[in-house]
Amino acid sequence: MSSTALAAWAYPLAESLLSEPLPRRWAHSQGVAERARTIASILGSDADLLEAAAVLHDIGYAPDLAKTGFHPMDGARYLRHVAQADERVVRLVAHHSCAWMEAEARGLRDELEEEFPREHPHLADALCYCDMNTTPDGRATNPVDRVNEIAGRYGPDSLIGTFIRRAEPEILASTARVVERLSAAKRQPT
């Protein structure tokens with residue numbers, strides 16, 4: 001599959017898995033993909049790859065895919081073994097938004113790291129930026145409000161609430177790196 005066809009392939013797959021059982025998650029995924037399009041200028045030839053990963057990043061929540069309860073791994077396994085997706089998309093989904101920290105809390109970090117090597121850091125930052133700048137309903141937000149929303153939704157003492165607070169400094173650093181890249185690109189003469 002050519003890199004320019006990845007997003008076109010990814011949208012109907014994500015829609016088929018999320019739109020009916022999890023319409024709010026589908027709205028979020030579409031919003032994350034929309035954010036990916038807004039930063040395409042700093043992604044070069046990887047823009048389509050990131051948009052595909054963005055729309056697919058939460059498919060592991062789909063009831064038919066949820067096997068471990070750890071959605072990044074469940075989604076990545078489905079993409080690799082069933083959908084036969086581009087391996088870079090698989091790795092981005094597996095590691096999106098500091099997933100390694102949640103995997104560690106679940107006792108799955110070694111399994112995640114062995115099964116799914118990390119993708120290039122600038123792409124991981126970009127996907128984190130897109131995810132953490134999108135509300136559950138797909139609207140634009142900022143990373144601080146997004147982290148607060150996640151912690152509030154799951155509860156501060158839950159596994160997710162604890163993970164997201166632990167991940168918050170890295171999430172903020174990751175999104176700041178993307179903002180800096182966007183700013184640097186705007187400063188470049190045309």
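The values are calculated or read from the model by the stated rules, or taken from the named source; none is laboratory data. The shown structure was predicted, so the numbers you read here are calculated from the model rather than taken from an experiment. Don't worry about glycine lacking a Cβ; one is built from the backbone with ideal geometry, like all the others, and counts go over all protein chains shown. What goes into the accessible areas is simple: the full protein's heavy atoms, side chains included, and nothing from ligands, DNA or RNA. Shrake-Rupley method; radii C 1.70, N 1.55, O 1.52, S 1.80 Å.
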Residue under evaluation THR134, criteria (1) surrounded by fewer than 20 Cβ atoms within 10 Å (Cβ to Cβ); (2) among the polar types (S, T, N, Q); (3) touching a strand residue (DSSP E or B) at 6+ places or on another chain (Cβ under 8 Å), criterion not met: (1)
Members of region 62-83 that are under 11 Å from the mean Cα position of the chain (by Cα) and open to solvent by 10 Å² or more (accessible area, probe 1.4 Å): HIS71
Within region 7-61, tally of residues that are in a helix (DSSP H, G or I) and either without any contact (Cβ under 8 Å) to a residue 24 or more places away in the chain or open to solvent by less than 10 Å² (accessible area, probe 1.4 Å) (or both): 30
